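K.L.:
Take this structure first; my questions come after.
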Amino acid sequence: QVQLVESGGGLVQAGGSLRLSCVASRSRFSINTMGWYRQAPGKQRELVATITSGGSTNYADSVTGRFTISRDNAKRTVYLQMNSLKSEDTGVYYCIVETVRAYWGQGTQVTVSS
């Protein structure tokens, strides 16, 4: 079992920045892909960004060029640097970590005011 602790959400004005962090507890299995999803009110959860153990990244088109995902394997931590935030980025952001199965964080609220 892997526990995830997310932090860094909050309220920010449009055009501002936030940095999300997600720390995974120790696991007997190696951590493979780490990533972030988000869910806006009344909408389905959607992919934001992922990063493999080798450092390959994948982004949703809507955040490309504004968000950057990174990871620190020694700290079992994945980050999401969010710049030039827009009101449509508002939602609950969930961390996901994959070992032999996927684990989800509890979510952190990001609110962007216009």
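The values are calculated or read from the model by the stated rules, or taken from the named source; none is laboratory data. Keep in mind that this is a model prediction, so the values were computed, not measured. Don't worry about glycine lacking a Cβ; one is built from the backbone with ideal geometry, like all the others, and counts go over all protein chains shown. Heads up: the accessible areas ignore ligands, DNA and RNA and are worked out on the full protein's heavy atoms, side chains in. Shrake-Rupley method; radii C 1.70, N 1.55, O 1.52, S 1.80 Å.
K.L.:
Could you tell me which numbered condition S87 fails, if it satisfies all but one of (1) touching a residue at least 40 places away in the same chain (Cβ under 8 Å); (2) under 12 Å from the mean Cα position of the chain (by Cα)?
P.N.:
It fails just one condition, (2).
K.L.:
Can you tell me which residue among A14, A24 is touching a residue at least 60 places away in the same chain (Cβ under 8 Å) and in contact with a helix residue (DSSP H, G or I) (Cβ under 7 Å, 6 or more places away or on another chain)?
P.N.:
That would be A14, the only listed residue that is touching a residue at least 60 places away in the same chain (Cβ under 8 Å) and in contact with a helix residue (DSSP H, G or I) (Cβ under 7 Å, 6 or more places away or on another chain).
K.L.:
Can you work out which of the residues in segment 31-49 that are free of Cβ contacts under 8 Å to residues at least 60 places away in the same chain and open to solvent by less than 40 Å² (accessible area, probe 1.4 Å) is farthest from the chain's Cα centre (by Cα)?
P.N.:
A40
K.L.:
I'm told S56 meets every condition in (1) free of Cβ contacts under 8 Å to residues at least 24 places away in the same chain; (2) in contact with a Cys (Cβ under 7 Å, 6 or more places away or on another chain); (3) not β-branched (V, I, T) except one. Can you identify the failing condition by its number?
P.N.:
With (1) free of Cβ contacts under 8 Å to residues at least 24 places away in the same chain; (2) in contact with a Cys (Cβ under 7 Å, 6 or more places away or on another chain); (3) not β-branched (V, I, T) applied to S56, the lone miss is (2).
K.L.:
With respect to L4, determine if the residue is touching a residue at least 12 places away in the same chain (Cβ under 8 Å), over 13 Å from V110 (Cα atoms) and surrounded by 14 or more Cβ atoms within 10 Å (Cβ to Cβ).
P.N.:
yes
K.L.:
Go through V112, V100, V92, V78 for me and flag whichever is touching a Ser or Thr at 6+ places or on another chain (Cβ under 6 Å), in contact (Cβ under 8 Å) with a residue 40 or more places away in the chain and of a type in the set (V, I, T).
P.N.:
Testing whether each residue is touching a Ser or Thr at 6+ places or on another chain (Cβ under 6 Å), in contact (Cβ under 8 Å) with a residue 40 or more places away in the chain and of a type in the set (V, I, T) leaves just V112.
K.L.:
Only residues that are surrounded by 15 or more Cβ atoms within 10 Å (Cβ to Cβ) and either in a strand (DSSP E or B) or under 16 Å from the mean Cα position of the chain (by Cα) (or both): list them for segment 7-30, please.
P.N.:
Correct list: G8, G9, V12, L18, L20, S21, C22, V23, A24.
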